[in-house]
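Remarks on the structure that follows.
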Amino acid sequence: MKEQDNPKSALHEKDGIPQPESFSVSAMAKVLTSRKVQPSAEELVKGILSGNISALSRAITLVESTNPSHLAKANDIISACLPHANQSVRIGITGVPGVGKSTFIEVFGKYLTGLGKKVAVLAVDPSSSISHGSILGDKTRMEELVKDPNAFIRPSASGETLGGVARKTRETIILCEAAGFDTIIIETVGVGQSETAVHSMVDFFLLLKIAGAGDELQGIKRGIMEMADAIVINKADGDNVAKAKLAKTEFNRALHLFPAKSSGWIPTVTTCSAYEKTGIDNVWQIISDYFALVKGNKYFEEKRQSQSQYWMMETINEQLKNHFYQHPEIAALLEQNKKAVEENQLSPFAAAMQLLAKYFK
């Protein structure tokens, strides 16, 4: 028999039991339907005030959204939560990459929840300047804290904001406070040069350092030292204990060279080992002493008021910038002027002035 007389080859599929569905069509339909139903601002606020983590997470997503249609709803949620906020202490933690921020925060957070506190960690993950993406892996690093019912971890991409602080971190703090979290920890990218943003939204600023990573004077030169309320030398364990003690002495001497703080607080240096979970109680004692001082001399309230004014001005600047770049006529002229500047037909200053003149016309 010729091959063409047999329509089936040796590799044909035999009839048999049909393969089951790779997923449930009915379940998928339910998921898609639930996603289309967006809770109202009132429902999210009610959930936040009752401590519902799902409602809190969805509200934070709205606040972080760059979609203009989400702005009004996010503002309504923030306004409704504002009267229930400002009942926490806000702690900023920064340090160079590799200093052990995530490990320290997990151990520190577990220590605080052990004291009966509710801890929210706003971990800011650096965004790539090339792909503009972020790994957002802080929950993976803090695997013990993430399972704690009295803790909430929210990683966010830094984007292009100053100091690597997510654009809406300030509003996220308000939502977390309204949800009942009494201790807010903000972990910054730790670039070491532009931490002004996080300093302007926290009550206590903690700088993590490590010993034996080069000349300690290089760390002392940084302006970030002036903002720190405490310096904690991490990884004071094993063969590094002696180096950590020496670094503590050097930093203590250096702090006396800086101007006195308006709060009346004298910055403190201590050592700890997040790996061995030692010295964590001493860190919290230092922070507690600070709050006892600034709440007693009214500096705490004064700083909060000053920060609110600062963020009002920052919001104005941000909205003006966004409105400028989203203006259709500006967008067209911007591309023309970019090309003219590249070809040396127009100076950068003149190109900018043309754009501003067009915008304010």
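Every number in this text was worked out from the coordinates using simple rules, so none of it is lab data. Remember, predicted model here, so these are calculated numbers, not experimental data. Don't worry about glycine lacking a Cβ; one is built from the backbone with ideal geometry, like all the others, and counts go over all protein chains shown.
Full extension of the segment from SER69 to GLN319, taken as 0.36 nm per residue of separation minus the current Cα-Cα distance, would add 88.5 nm. Relative to the current alpha-carbon distance between LYS339 and MET353, full extension at 0.36 nm per residue lengthens the span by 3.5 nm.
Taken as Cα centroids, the stretch 265-342 and the stretch 79-122 sit 15 Å apart, rounded to the nearest whole angstrom.
The order of THR268, THR183, THR103, THR66, going from fewest to most other C-beta atoms within 10 Å of their C-beta, is THR66, THR103, THR268, THR183.
Spin-label pair LYS277-ASP76: with each label point 7 Å from Cα along the Cα-Cβ axis, the two points sit 4.5 nm from one another. Our summary gives the stretch 38-80 a relative contact order of 39 percent, counting only alpha carbon pairs under 8 angstrom and 6 or more residues apart. Could you tell me whether the stretch 310-359 comes out rounded, prolate or oblate from its Cα gyration tensor? Rule is a ≥ b ≥ c as square roots of the eigenvalues, rounded for a/c under 1.5, then prolate if a/b exceeds b/c, otherwise oblate. Judged from the Cα gyration tensor, the stretch 310-359 comes out prolate (a/c at least 1.5, a/b above b/c).
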